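Structure, as structure tokens:
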Amino acid sequence: MKKLTTTALVTLAGLAATAAEVEAQAACETYRVKRGDTLREIAQAAYGNDEIREIYKHNKQAIGRNPNIIVIGTVLQLPCADGSLPGDETAKTAPITEPVETAADEGQDVPKVISFVTANGYLPYTDESLPGQGIFTALVERAMLRANPEQPYTVTFVNDWAAHLEALLPSMAFDASFPWTRPGCEVQKDLSAIEFYSCQNYVYSSPFYEIVDGFFSRTGSIYDGATHYEALEGATICRPEGYSTSHLVEANLLPPVVTLSQPDTAVDCFDLLMDGAVDVVALDTRSGAHLVAAMGLEQQVSENDILSSIVPLQVAVHAENPNADELIADLNSGLILMQESGEWRDMISDALQGEIQKQAGGVMN
Amino acid sequence: MLGYFEKTKRVATIALIAGTLGTAAAAQEACSEYTVKDGDTLGSIASTAYGSFDYQMIFNANRNKISSPNSLEEGTVLQIPCADGRLSESHDSQDVIEEQEKLQASRAITTNAYEPPIKVVSGNGWKPFAGEDLKGGGMFVRLATTALNRGGNARAHSVSFVDDWGSHMDTLLPLGAFDVSVAWIRPDCDKYDLLNDESRKRCDEYDFSLPIYETVAGYWSLPDNQYASVKSFADYAGARICRVDGWSTADLNTEGLIDPVVTFVRPASAKECVELMMKGEVDMVSLDLENGAAAVAEVPEAVGVARPNPNLSKLESLHFITHKTNPRGRVYLALLNKGLTEMRESGEWYAILSDSLSSFNELTN
């Protein structure tokens, strides 16, 4: 298993996917694959860059699942500068069934590297400071190892959750992001813009973990001990930016029923709660309890035990990513292997044990 | 108070003495509604209705109306349960339970994902709360299994009985042999520094459900004793306090009542405590209402005389627990909490209480 890890705060401008520069050689034409061709060479000739994804996107059916293997005689539609396709469909002949293992033939062994992106601050699930960089990070990496040990991948931390779904994955800068929750696409009435986009454009792995999303409020406030969601109407609710709002949607607690405050981090939310700027913090209860303890707020902040929602955490992949099917299949089969062997349980259990020891050490001081 | 050592000694009864006093409809009678008047206490109401100061069932039956047993509001309408635990003559616990079961059967709760059965463990000999020979495995076990089928749950589960209660905490739950243990007292974790090691361990390593039952801890004295009606725990300074040997004194310790602020006397039985009180050798007897009333009943000269302090009491809450290293622990507690909340609201919680008590009383008669 090959793994490279980098940490980068990536500027979005540099990653924005713009229309490929067209050097008008073979762009906007149909092209028949010859012996020795690779998609990369075709892209270079047509566009002057390595952006094979555009070609692949428009020729998925002709090329098949693996963009590394293009069959001699396959007719490709090379997109025009404006993204439209050439109209000529006459040059269709049955391809000679002689697969061109282009990578091997050309000696250009460039194995695809699957790139994952996540962010810090979602303790104990994803954070570079934690063992394995967080429980969720460790689970995903282990699933890749179990399902496809030869597949190289990277894990990068970009501390802007919203950007993952809105820019990094659509531009194919990264293949997958975690953890995310698939919106209730089939049942939810008022999907937000990003949720609608996600339903249309993202595919998700099986859940790697389930969390309990809940609420925290100042001890003794009117929200402490609320037994029905209606009790939170009119409140100012804090939920960090980019976090899924499925619990709030389920509870019918979205603006204008409530005021929503969305700072960068969960720590910000608790600061706002202590300042009185917000009434309720909506957060995963384990993660929230962890922060409350870390911030020394056990006496001042109460966790609501009644109003909660069980939320699955999954890996999200853009549907147009040529690696999508294979990646999701790997993640899911890796997860199954881990659950069957007990590895899933042992990994999480050990990580949670580490959390207990930390806490116990802290309190006894 | 109810450490695992004590579970085998626990016997719950509704202590009553035949021949109540009241005649008028407004009188405090078992099996009827009663409107609280100025000067009433739960103890005085129980005394008139049942002939004993054991108001535990009145508290249970009106849990949602009474925030604290010591602050009863004039005008509150209370339901005084019948001697057998029913809320009223026409109230049939079994009807309530059956109705909820029918409602549950009519709900189509489907899920795509595989959900492993939740492994519940309890123990024998804790009448009427837990035991294989009791109806549904005992009151608390019934609350657990019912909760897993309420509040949107339809959760497969298994129930086992392991009589070594200590092993639940030390081995069975930490190793994941079982998921949930029924049932345990939650220490006052906010007063961590004042707790003993075993209680601290509970705070550090365990997550707790919502309370499934709250035992009222009473502080009994003779009426002419200087400590009979003190208004704060600090006022017990200098008192000689009787508490059965081996039973926890955490409720008093966390109020600063430790040697030498007070003197503890530790005989082998509750009855001996009452005898010592009658002889004037101790000022206060620390006993939950049910055990207290039962012990008083065994000492004829104490009947109608020894009474719990009307101004002070504590609630000892019992909970379902999961170990913090259980990957699904918090999710299971969230499910149980949803079920419990629905049961409290539908009246099924109380119905199970009274049905379990009456079934237990039939067994023992």
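The values are calculated or read from the model by the stated rules, or taken from the named source; none is laboratory data. A quick note: this is a predicted structure, and the numbers were derived from the prediction, not measured. Cβ coordinates were reconstructed from backbone atoms using ideal geometry, including for glycine residues, and neighbour counts include every protein chain displayed. To get the accessible areas, we keep the full protein, side chains included, count just its heavy atoms, and leave off ligands, DNA and RNA. Shrake-Rupley method; radii C 1.70, N 1.55, O 1.52, S 1.80 Å.
Residue count for the stretch B:188-228, restricted to those that are of a type outside the set (A, V, I, L, M, F, W, C) and away from every other protein chain (no Cβ under 13 Å): 13.
Per the conditions (1) under 26 Å from B:Leu287 (Cα atoms); (2) open to solvent by less than 20 Å² (accessible area, probe 1.4 Å), the sole criterion not satisfied by B:Leu173 is (1). Any residue at all in the stretch B:305-315 that is among the hydrophobic types (A, V, I, L, M, F, W, C), closer than 30 Å to B:Lys338 by Cβ and more than 14 Å from chain A (Cβ to nearest Cβ)? The answer is yes, given that some residue of the stretch B:305-315 is among the hydrophobic types (A, V, I, L, M, F, W, C), closer than 30 Å to B:Lys338 by Cβ and more than 14 Å from chain A (Cβ to nearest Cβ). Condition check for A:Gln353 on (1) open to solvent by 20 Å² or more (accessible area, probe 1.4 Å); (2) within 8 Å of chain B (Cβ to nearest Cβ); (3) in a helix (DSSP H, G or I); (4) in contact (Cβ under 8 Å) with a residue 12 or more places away in the chain: one failure, at (4).
The set of residues from the stretch B:250-264 being touching a Leu at 6+ places or on another chain (Cβ under 8 Å) and under 15 Å from B:Glu198 (Cα atoms) comprises B:Ala250, B:Asn253, B:Thr254. When you look at A:Arg286, is it within 9 Å of chain B (Cβ to nearest Cβ), in contact with a strand residue (DSSP E or B) (Cβ under 9 Å, 6 or more places away or on another chain) and of a type outside the set (Gly, Ala, Ser), yes or no? The answer is yes for A:Arg286. If you go through the stretch A:337-345 one residue at a time, do you hit one that is closer than 30 Å to B:Ile212 by Cα, modelled with pLDDT under 95 and facing chain B (nearest Cβ under 9 Å)? The answer is no; no qualifying residue exists.
Contact map, the stretch A:25-51: residues that are at positive phi and of a type outside the set (Phe, Trp, Tyr) paired with residues that are surrounded by 15 or more Cβ atoms within 10 Å (Cβ to Cβ) and assigned to a helix (DSSP H, G or I), Cβ distance under 9 Å, separation 6+ or inter-chain. Pairs shown: A:Cys28/A:Ala46; A:Gly36/A:Thr102; A:Gly36/A:Glu106. Which members of the stretch B:240-277 meet the condition of being out of contact with any helix residue (DSSP H, G or I) (no Cβ under 7 Å at 6 or more places or on another chain), open to solvent by 60 Å² or more (accessible area, probe 1.4 Å) and of a type outside the set (Val, Ile, Thr)? Across the stretch B:240-277, the qualifying residues are B:Arg240, B:Asp245, B:Asp259, B:Pro260, B:Arg266, B:Ala268, B:Glu272, B:Glu275. Count of the stretch B:66-124 residues, restricted to those that are open to solvent by less than 30 Å² (accessible area, probe 1.4 Å) and at positive phi, is 1.
Of the candidates A:Arg286, A:Arg239, the single residue that is under 19 Å from the mean Cα position of the chain (by Cα), open to solvent by 10 Å² or more (accessible area, probe 1.4 Å) and among the basic types (Lys, Arg) is A:Arg239. For the stretch B:289-299, taking the residues that are out of contact with any Leu (no Cβ under 8 Å at 6 or more places or on another chain) and not β-branched (Val, Ile, Thr), the one that is surrounded by the fewest Cβ atoms within 10 Å (Cβ to Cβ) is identified as B:Glu298.
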